[in-house]
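Notes for the one structure printed next.
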Amino acid sequence: MKLFKIRGGVHPDDRKRLASEQPIETLPLPDLLHIPLQQHIGAPASPAVRRGQRVAKGDLLAQGQGMISAPVHAPTSGRIMGVGQYPAHHASGLSVPTITLQPDGEDRWSDAIQGVDDPFALEPEAIAARVAAAGIVGLGGATFPSAVKLDLRKRYTIQTLVINGAECEPYLTCDDRLMREHSEAVIDGIRIMAQALGVTQIVIGIEDNKPQAQAAMAVAASIDPNIRIARLPTRYPMGSEKHLVQTLTGRETPARGLTADIGVVVHNPATAFAVHEALRFGYPLVARVVTVSGSAISRPANVRVPLGTRVQDLIAHCGGFKEEPTRLISGGPMMGQPLPSTRVPMVKGSNGVLALTAAETGQSDVRPCIRCATCVQACPCGLVPLEMVAHIHAGDLEGAVKRGLMDCIGCGSCAYVCPGHIPLVQFLNHAKGEMAARGRSKQKQMETKRLAEQRTARMEAIKRAKREQMEQRKREMAARKKAEAEAAQQAAAATTEPVASETES
Amino acid sequence: MRIETPAAQCGPFAHDLVSIPRTMGLVILALVPATLFGLVQFGWPAIWLFLATLAGALLAEILSLWLAGKPIRPDLSDGTALLTGWLLAMTLPPWAPWWIGVIGGLLAIVVAKQVFGGVGQNLFNPAMVARVALLIAFPAEMTRFVAPTPLFSAEAPGLVESLGITFGGQGFDAFTGATVLGQVRTELGQGEMLANILPDLYAPFSGAVGTVAGSLGETSALLLLLGGVFLLYKRVITWHIPVSLLGTIAVLATLMHLIDPAHYAGALYHLVSGATLLGAFFIATDPVTSPVSARGQLLFGAGCGLLIYVIRTWAGYPEGVAFAVLLMNACAPLIDHYVKPRVYGRDRRGQPLEYPNDAETSR
């Protein structure tokens, strides 16, 4: 099919060879699982189990809350050891609400688990509801609840479902392996999602560095004439949702908008696989395929991991470290984040664990910007990173926002090519975080102001009411006095008529 | 088995194999053929001047860094000072006395670079600032060119004699020549017709190879072109500035030549003579002092080309590359302010894109 060009981008050494020929293996059950309540974008789930309770595999552990949220299920059968705090799968290493589960080794599915015979007979709403109940989120790393995206047809006119099999991050091969080994299941999941979205056009985009996945998916897709396979040129960030859609359709998503604005919804192949499992077998999302790679790993592999497995158990399964890594990263090297320790658990959004050596990260001393403009050439969003960073450096965050800070997708292409090794993404993310904090504090101020004004108004009302009451009372008092006075007058008048009174008495 | 990684920092945790020293090294590598050609062609005095200029630039860099209390080794090792000195040396008359090179090096590094704050902070191209300052301060030394006397040839000055020329202030009247641009300029001023001047003086072939009088490293158009193509191939520079600069000169020269062939030389004459090619590939493309966007660079290059042609043809100097580049350097911040790439998902004015009469506007 005809493809369109995108602006900028880089060609990092993909280093997928390390793990791309390793078939997906299943991780033996670890001793303990630490399952965080928030593994998705949106509101955290609220716990539905108590300490000491026995659960079967697939039982609900925590219920999703609100419009954008996702439930969490038991990755295996066992006993709940506690509902408490545990270090998060996040660079900060802060503790977050987490359920700790001790597997009993039986790995017994719950009796309530039941699939659907013919998902294509279901109403779109019913499919979305099942996807929501299975706790499925975007497994490409964004972890946005998938059911919400399947419901987009209610507010937008959707024509096309795009499957993002670009996997443009170096090292990562989990989607590649999944598409090679489970192509039929992935295609089935894709068709179910298309049914839920009510679309007939399906495009699966796979980069050219994955020819086997392209071939396997093409074979599996031959059952549905609506599915087309797009052979994407290998270029980072091809997997950026908006850039992928531009490559396939030639249209840019309007700034601040969604791809749904131009009639496209994008899902990941791993998400499609999870949808297939949820609809056909009733399995909730309790495990995912993860690429463990990097030169410091003894045996790079693609592993199907129960959610909540500690990173150290995963690395031990892959033979431990060959040498001391300088960086331990969750996700790909371009947009992944450093992990604070190997104790943290694997979550729905973790597609890779990389242990990188100093030679791989290409770290070097930072030198001043020579305005060489390679960052401008590399930026897929048409921004001028060197200028934004100069403003951020000078403390002028507003200036950076004016120059498009909020249109930055944080892909890291600019920092990747910078000959001065300037941590451009660090500056940009700092500014984004600071602007978000300012936005929050501004909102807080406005909220405080609103509350204070309400309070003043309330106090005024109370005062007014009191005053009115007082006046009312005064009036009543006056009226009473007047009445008394009148009565007294009458009495006085009566005394002037003693006869009558005497006659009365 | 537990490890704690260093303090949290943003990615990417991969990097292209690039660095500032590598970039500078590639530019110097691209300059080597033309430089060697110049050094051989103009003999020992040129070699001494070249070394004196590099020494002047490097000493100035060390001195400035020391005075500013900055670490010397990292800044010196990035190669920017070396490159500045190198470029300056290439634009000097090859038999100029040593102090021209040293003063030039000092001016370039101290006045044009370090005073602005060092690497990446300067508004004007340091080598061109130095060249223009020298030209205005020492017009005699800066316009005394020699005819080529290749190293070890019969006419070439020997080692001792050359020391006298560079360091001893000895005259060298026997060898003086004029650049093609200068000679044509003078004779046109005397009312000669171009058709009478050029055939004696100028053959496109020798101009392209470089066996003509001229600045130390500017004479060989072909070797400079080779260096420029190497930089393009290595992606150190993009095509925008060289192409728009050379294109503008070529178009203007052709146009004027068609209107009045007796007084205006054709495109090839302008492209191969003087500092045109050095300027197009090595001077105007200096990243620090040129715009960052592709369209801005096109504008910048075209401006340089226009000014070069105007200065050469109608202004007081026979050569205008240095002035043209400096004038356009001054415009670069303005160009960067007004000419920016279009942001993804927005139109040129910065408003979010809209797709009219489409179903998806039903938001």
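When only Cα pairs below 8 angstrom with a gap of at least 6 residues are kept, segment A:17-317 shows a relative contact order of 24 percent.
Taking the 0 to 90 degree range and rounding to the nearest ten, how far is the long axis of helix B:20-68 tilted relative to the main principal axis of chain B, both from C-alpha atoms? It is inclined by approximately 50 degrees.
Relative contact order, whole percent, for chain A stands at 17, derived from Cα pairs under 8 Å and 6 or more residues apart. Projected onto its three principal axes, the C-alpha set of chain A covers 128, 64, 48 Å, listed from the longest axis down. The gain in end-to-end length when the A:S341 to A:A142 segment is fully stretched comes to 69.5 nm, 0.36 nm per residue minus the alpha carbon separation. Using the alpha-carbon atoms, what tilt in degrees (0 to 90, nearest 10) does helix B:80-90 show relative to the longest principal axis of chain B? On a 0 to 90 degree scale, this one is about 30. Just to be sure I understand: of the beta bridges DSSP finds with both ends in the protein assembly as shown, what percent are antiparallel, rounded to 5? The answer is about 60 percent antiparallel.
For the protein assembly as shown, what does the equivalent ellipsoid look like in terms of its semi-axes, each the square root of 5 times an eigenvalue of the Cα gyration tensor, given largest first in whole Å?
Gyration-tensor ellipsoid for the protein assembly as shown: 70, 42, 27 Å.
Farthest toward the positive end of the dipole of the protein assembly as shown, out of A:S350, A:V116, A:P233, is the Cα of A:V116, where the dipole comes from beta carbon charges about the Cα centre. The antiparallel fraction among DSSP beta bridges confined to segment A:17-317 stands at about 55%.
Cysteine residues of chain A whose C-beta has no other cysteine C-beta under 4.7 angstrom: A:C168, A:C174, A:C318, A:C369, A:C372, A:C379, A:C381, A:C408, A:C411, A:C418.
Can you give the Rg to Rh ratio of segment A:17-317, both from alpha-carbon atoms, with Rh computed by the Kirkwood formula?
Working: Rg = 18.8 Å, Rh = 19.7 Å.
Rounded to two decimals, Rg/Rh equals 0.95.
Under 1.5 on a/c is rounded, so check that first for segment A:366-492, then, if it is not, pick prolate when a/b is larger than b/c and oblate when it is not; a ≥ b ≥ c are the square roots of the alpha carbon gyration tensor eigenvalues.
Cα axes put segment A:366-492 in the prolate bin.
Shown for A:C375, A:C408: other C-beta atoms within 10 Å of each C-beta, ranked fewest to most, produce the order A:C408, A:C375. Only Cα pairs under 8 Å and 6+ residues apart enter the sum, and on that basis the relative contact order of segment B:20-337 stands at 20 percent.
FYI, it's all coordinate maths here, none of it is from the lab. This structure is a prediction, so every number in the text was calculated from the model and none was measured. Note that each Cβ is placed from the backbone with ideal geometry, even for glycine, and that neighbours are counted across all protein chains shown.
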